[in-house]
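Okay, so here's the structure we're looking at.
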Amino acid sequence: MGSSVTIRPFVMAESNQTSDLKEFQLHDKDTGSADVQVALLTRRIEHLTEHLKTNRKDHSSRRGLLKMVAQRRSLLDYLSKTETDRYKKLIEKLNLRK
């Protein structure tokens with residue numbers, strides 16, 4: 001039964017998600033600083049907000065959204081108390097204040 005199936009190795013392309021995070025990283029292997037976490041949470045919050053515009057009755061996702069917003073708020077509060085200049089740069093880059 002010789003089926004000719006070509007197996008290609010899975011190569012993960014650098015997504016726009018990782019390239020966007022590079023501007024928030026403090027060094028090249030930074031994945032856990034408050035800046036990076038806030039950037040990731042902001043992207044997830046924006047995505048989930050769009051989802052909830054069309055799926056108004058998805059209450060479990062709404063609860064997750066509120067938890068993410070609270071998490072981002074506490075990270076931003078921490079940054080504002082400890083590293084004011086990083087906090088201001090982050091707010092400006094992510095356009096969080098209207």
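The values are calculated or read from the model by the stated rules, or taken from the named source; none is laboratory data. Every value quoted in this text rests on a predicted model; they were computed, and no experiment measured them. We place every Cβ from the backbone using ideal geometry, glycine too, and count neighbours over all the protein chains shown.
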Q) Looking at (1) touching a helix residue (DSSP H, G or I) at 6+ places or on another chain (Cβ under 6 Å); (2) modelled with pLDDT of 95 or more, which is the only condition K67 fails? A) (1)
Q) Among the candidates L75, L21, which residue alone is surrounded by 10 or more Cβ atoms within 10 Å (Cβ to Cβ), among the aliphatic types (A, V, I, L, M) and modelled with pLDDT under 95? A) L21
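Each row is one residue, and each column tells you yes or no for (1) in contact with a Pro (Cβ under 7 Å, 6 or more places away or on another chain); (2) of a type in the set (A, V, I, L, M); (3) not in a helix (DSSP H, G or I).
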site: K53; (1), (2), (3): no, no, no
site: G64; (1), (2), (3): no, no, no
site: V69; (1), (2), (3): no, yes, no
site: Y78; (1), (2), (3): no, no, no
site: D85; (1), (2), (3): no, no, no
site: E92; (1), (2), (3): no, no, no
site: L96; (1), (2), (3): no, yes, yes
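Do we find a residue being assigned to a helix (DSSP H, G or I), in contact (Cβ under 8 Å) with a residue 24 or more places away in the chain and basic (K, R) anywhere in the range 33-50?
Within the range 33-50, one or more residues are assigned to a helix (DSSP H, G or I), in contact (Cβ under 8 Å) with a residue 24 or more places away in the chain and basic (K, R).
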Q: Among residues belonging to the range 37-61 that are more than 17 Å from the chain's Cα centre (by Cα) and among the charged types (D, E, K, R), point out the one that is surrounded by the most Cβ atoms within 10 Å (Cβ to Cβ).
A: D58
